[in-house]
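Single-structure report; data block below.
Coordinate-derived values only; no laboratory data. Owing to the predicted nature of the structure, the values given are computational and were not obtained by experimental measurement. In this analysis, Cβ positions are derived from the backbone assuming ideal geometry, glycine residues included, and neighbour counts consider all displayed protein chains.
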Amino acid sequence: MNSIKTVVLLGTLSGFLLLLGQSFGGRQGLLLALGGAVLMNFFSYFFSEKMALAMSGAQRVSGDEHPEIHRRLEPMVARLTRKMDLPMPRLWVLPEESPNAFATGRNPAHSSVAVSAGLLEVMSDSELEAVVAHELGHILHRDILISSVAATMGAAITGLARFGMFFGGRRDDEGEGHGGGIFMLFLAPIAALLIQMAVSRTREFSADAAAAKYTGSPAGLVNALRKLDSWSQRIPMEASPAMSHMYIFPPMLGGLGRLFSTHPSTEQRIAALLGQHA
């Protein structure tokens with residue numbers, strides 16, 4: 001079901017793109033905006049792993065420099081990757097007290113899993129395994145590629161909206177409606193952003209389901225999500241907004257921020273996990 005939702009949401013983004021291209025830019029405007037977005041996201045797709053690890057201050061986990069972390073984490077990840085039929089990802093630790101984790105990389109053969117020092121401190125082995133399984137679920141489902149496609153479409157829609165507003169303003173001088181240009185400039189990019197957020201939330205549900213499947217029970221992730229929710233309020237996560245969607249638990253958002261959240265609420269995630277295994 002989550003895969004179907006993702007296809008529908010990506011299809012809706014594509015529909016927005018074609019509609020805007022036809023309305024304001026024509027074929028030339030469509031190709032121009034799409035081409036620019038593809039180039040931007042091509043760079044992001046191939047270099048996002050290095051950028052994310054550098055921005056987070058991640059340190060490579062090794063038996064020499066992090067013997068205790070390596071002894072605890074490496075066998076756990078190796079066991080899960082065998083179950084998932086995935087190559088072993090590179091392992092990293094974040095110098096961050098707030099418990100969290102993320103996965104990055106352009107494909108399973110070029111992937112990394114990073115966990116914070118705080119996560120290692122507060123999670124039991126079963127909870128840590130569930131968090132790692134969630135991140136490996138993103139790698140298994142190629143969610144980084146899906147996110148790149150959604151970002152490409154969203155960026156192209158925003159570019160076309162600005163293109164359309166420029167030419168719309170020129171047509172306004174000739175007596176045509178101003179409302180269409182305002183709609184294209186403001187509402188279309190907001191709609192594209194909301195769809196991108198919905199794609200991200202759908203992929204989180206799929207990664208949660210993968211964690212429950214490959215650990216054999218939803219209990220570990222349910223307990224981990226409850227701890228993440230609690231600890232995020234005690235020690236808020238300090239991270240770049242550009243990386244918020246990558247973490248298993250995003251920085252705290254209040255008010256209208258929930259509308260633009262890249263993650264479902266903790267309650268929704270727990271209900272989905274327990275519902276799937278009722």
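The table below gives the values:
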{"read-out": "For LYS213, LYS83, order by how many other beta-carbon atoms lie within 10 Å, fewest first", "value": "LYS83, LYS213"}
{"read-out": "Potential lengthening between ARG226 and SER124 on full extension [0.36 nm per residue; Cα-Cα distance subtracted]", "value": "35.4 nm"}
{"read-out": "Footprinting exposure proxy for HIS245, HIS134 (fewest neighbouring C-beta atoms within 10 Å first)", "value": "HIS245, HIS134"}
{"read-out": "Sites MET76 and LEU31, calculated FRET efficiency, Cβ-Cβ separation with R0 51 Å, nearest 0.05", "value": "0.60"}
{"read-out": "Exposure proxy ranking, count of Cβ atoms within 10 Å, fewest first, for TRP92, TRP231", "value": "TRP231, TRP92"}
{"read-out": "GluC sites (Glu not before Pro) restricted to the range 59-152 and DSSP loop, no more than 13 other C-beta within 10 Å", "value": "GLU65"}
{"read-out": "Additional length obtainable on full extension of the chain from LYS213 to SER265, 0.36 nm per residue less Cα span", "value": "16.7 nm"}
{"read-out": "12 Å Cα-Cα reach of LYS83 towards aspartates and glutamates, excluding residues that sit fewer than 8 places from it in its own chain", "value": "none"}
{"read-out": "Using a Förster distance of 25 Å, the FRET efficiency for LEU145-ALA54 (Cβ separation, nearest 0.05)", "value": "0.75"}
